[in-house]
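Reviewing the structure listed below.
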Amino acid sequence: MVISDAAREKIRAEMAKYPKPEGALLAALHLVQKQTGHISGETAQEIADLFGIHPIRVMEVVTFYNMFYDEPQGRHHVHVCTNLPCSLRGARELLRGLEAHLGIEAGETTKDGRVTLAHEECLGACGYAPMLRVDETYHENLDLAAAKRILDELE
């Protein structure tokens, strides 16, 4: 059993708030991912059992939203915005520079498990391009040197 008893109780409490229990699926996924770091196939089965649904339904939600992960992730999530405004101001070059700096490609995690690097279609701060999000913190108007400093300071 991957999901803790405390998490199961919280999920059941969330389910009670909805006319159809499946309405609490997003909340349950957030809760479980916070506990486990990602939603594995085994975890999806446990969640599905709680909701009385098929595990594929859980994985459809996990793979649809970019805030859920179906594989282990680094301690820090670094997302470089690569939408048009950021790209016009050098975001794709910034991403390539960070890939070289970390020794990984977008979508991968450093060997020490410190950073998972990804690109994001839009972070909603076009006026401050190029930018990246580290966990939940936005860093704007970046060049490669500044972005490297930010990542090098992560524990």
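The values are calculated or read from the model by the stated rules, or taken from the named source; none is laboratory data. Please read these numbers as outputs of a predicted model, since none were measured by experiment. We place every Cβ from the backbone using ideal geometry, glycine too, and count neighbours over all the protein chains shown.
Condition first: of a type in the set (Gly, Ala, Ser), within 17 Å of Ser4 (Cβ to Cβ) and not in a helix (DSSP H, G or I). Now tell me which residues in the stretch 29-55 satisfy that. Gly37, Ser40 - these are the residues of the stretch 29-55 that are of a type in the set (Gly, Ala, Ser), within 17 Å of Ser4 (Cβ to Cβ) and not in a helix (DSSP H, G or I).
Is it the case that some residue within the stretch 84-95 is within 18 Å of the chain's Cα centre (by Cα) and at pLDDT 95 or above? Before you say what the answer is, go through the steps one by one.
Filtering the stretch 84-95 down to residues within 18 Å of the chain's Cα centre (by Cα) leaves 95.
Of the ones still in play, those that are also at pLDDT 95 or above are 95.
Yes - at least one qualifying residue is present in the stretch 84-95.
Let's see how each residue does on (1) in contact with an Asp or Glu (Cβ under 6 Å, 6 or more places away or on another chain); (2) outside the structural domain of Lys10 (by TED's automatic domain parsing); (3) under 13 Å from Val32 (Cα atoms):
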residue: Glu42; (1), (2), (3): no, no, yes
residue: Ile47; (1), (2), (3): no, no, yes
residue: Leu50; (1), (2), (3): no, no, yes
residue: Ile53; (1), (2), (3): no, no, no
residue: Tyr69; (1), (2), (3): no, yes, yes
residue: Asn83; (1), (2), (3): yes, yes, no
residue: Cys86; (1), (2), (3): no, yes, no
residue: Arg92; (1), (2), (3): no, yes, no
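Residues of the stretch 52-65 include at least one that is modelled with pLDDT of 95 or more and small (Gly, Ala, Ser). Residues that are at pLDDT below 95, under 15 Å from the mean Cα position of the chain (by Cα) and not hydroxyl-bearing (Ser, Thr, Tyr) are absent from the stretch 19-27.
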